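A short worksheet on the structure shown next.
Please treat every number below as a calculation from the coordinates, not as lab data. Every value quoted in this text rests on a predicted model; they were computed, and no experiment measured them. For neighbour counting, all protein chains shown are included, and Cβ atoms are generated from backbone atoms with ideal geometry for every residue, glycine included.
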Amino acid sequence: MEHEEEYLETDVRRIILDNLKHLRVEAEFVEPTILNGKKPRYYSGFFSGTVLDPANSIALLKVKGRNFDYIQIVRRG
């Protein structure tokens, strides 16, 4: 099961990069730890629908040539 999740994550990353490339956005995945040295754990009602449900940072995209540097992808739970 763990290997299936790894392949799924790789496929999702490839799809995201392909879609961004189609939009002419140059981006690459970097480790989420680059921002503060550790993988942060977020508590967000926006992503979960409840007040203090955790949302994990699962990916970080470094974007080039835009008004922002990173896009963070989070997962509920």
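Taking Lys and Arg as +1 and Asp and Glu as -1, the other residues whose beta-carbon sits under 11 Å from that of Val63 total 0. In this rough spin-label picture, where each label sits 7 Å from Cα along the Cβ direction, the Asp11-Glu31 distance is 2.7 nm.
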